1. What ranking do 58-66, 105-113 get when scored by the average of other Cβ atoms within 10 Å per residue, highest first?
2. Summing +1 for each Lys or Arg and -1 for each Asp or Glu, what net charge is found among the other residues whose Cβ lies under 13 Å from the Cβ of Pro136?
3. Helix 156-177 sits at what angle to the longest principal axis of the chain, using alpha carbons and giving 0 to 90 degrees rounded to 10?
4. Put +1 on the Cβ of each Lys and Arg and -1 on the Cβ of each Asp and Glu in the chain; which of Ile74, Leu124, Val38 then has its Cα farthest toward the positive end of the dipole?
5. Rounded to the nearest 500 deg cm²/dmol, what is the calculated helix-only ellipticity per residue at 222 nm for the chain, with -39500 (n - 2.57) per DSSP H run of length n ≥ 4?
6. With a/c under 1.5 counting as rounded, go ahead and sort the chain into rounded, prolate or oblate using the C-alpha gyration tensor (a ≥ b ≥ c being the square roots of the eigenvalues; past the cut-off, prolate if a/b is larger than b/c, else oblate).
7. Please give the charge dipole size of the chain, origin at the Cα centre, charges +1 on K and R Cβ atoms and -1 on D and E Cβ atoms. Round to the nearest 20 debye.
8. Name the shape class, rounded, prolate or oblate, that the alpha-carbon gyration tensor gives for the stretch 102-170, where a ≥ b ≥ c are the square roots of its eigenvalues, rounded holds for a/c under 1.5, and otherwise prolate holds if a/b is larger than b/c and oblate otherwise.
Amino acid sequence: MPDAPWPEKLTPVLRQLQMIVGSLVAGCTIFLVIALFVSAGREGAEGSPLVSYIATASGVMALLARALIPPKIIGAGRQKILRQEGRDAGRGDPLDGPSIVGRLLQLFATSTIIPCAVIEGAILFLLVAYVVEGWPPALMAAVALIAVLALHMPTRSRAIHWIEDQLVLLEQERQRDG
């Protein structure tokens, strides 16, 4: 297990992740405000809100992807760490290059950014559908997904607990496979 000071070295990566997630939330929120101003006082489009239905389905698919994709990425990442572990044993700083904790931190970043990007796409599609068709449920779904996106904001304690959990899983996989 890495030496104790590694949690103090998480700050720069966490700040970058917080800026990324915060920017995604801010961008979606700004577009939400623009969509509200553009659509203010306008009647919704006549007929069936087909684009909004499709956008809502994409929102549901984004939530499903958010639940299914990260575990696959994390599992594959742990397997890669185990395969490369022997080659990198005993190398330097736990957050530099090939260290296990450094790789886990990269995996944490990837498993944070990918679901956020998927959700952001669904939010933007819902907001465009709202601007085009004026269907209020599309707007409500976009607001709900913005809240889900904001829940992805990484915190120091969440990152530390996640890495510690992954270290335990790595050890279990090492014992199972070895």
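What follows draws every value from the coordinates through simple rules; no lab data is involved. Only a predicted model underlies this, so the values are computations on that prediction, with no experimental measurement involved. We place every Cβ from the backbone using ideal geometry, glycine too, and count neighbours over all the protein chains shown.
1. Highest-to-lowest ranking by the protection proxy: 105-113, 58-66.
2. Value of the local net charge: -1.
3. Tilt of helix 156-177: around 60 degrees.
4. Farthest along the dipole direction, towards plus: Ile74.
5. My calculation for the chain gives -27500 deg cm²/dmol from helical runs alone.
6. Prolate.
7. 280
8. prolate
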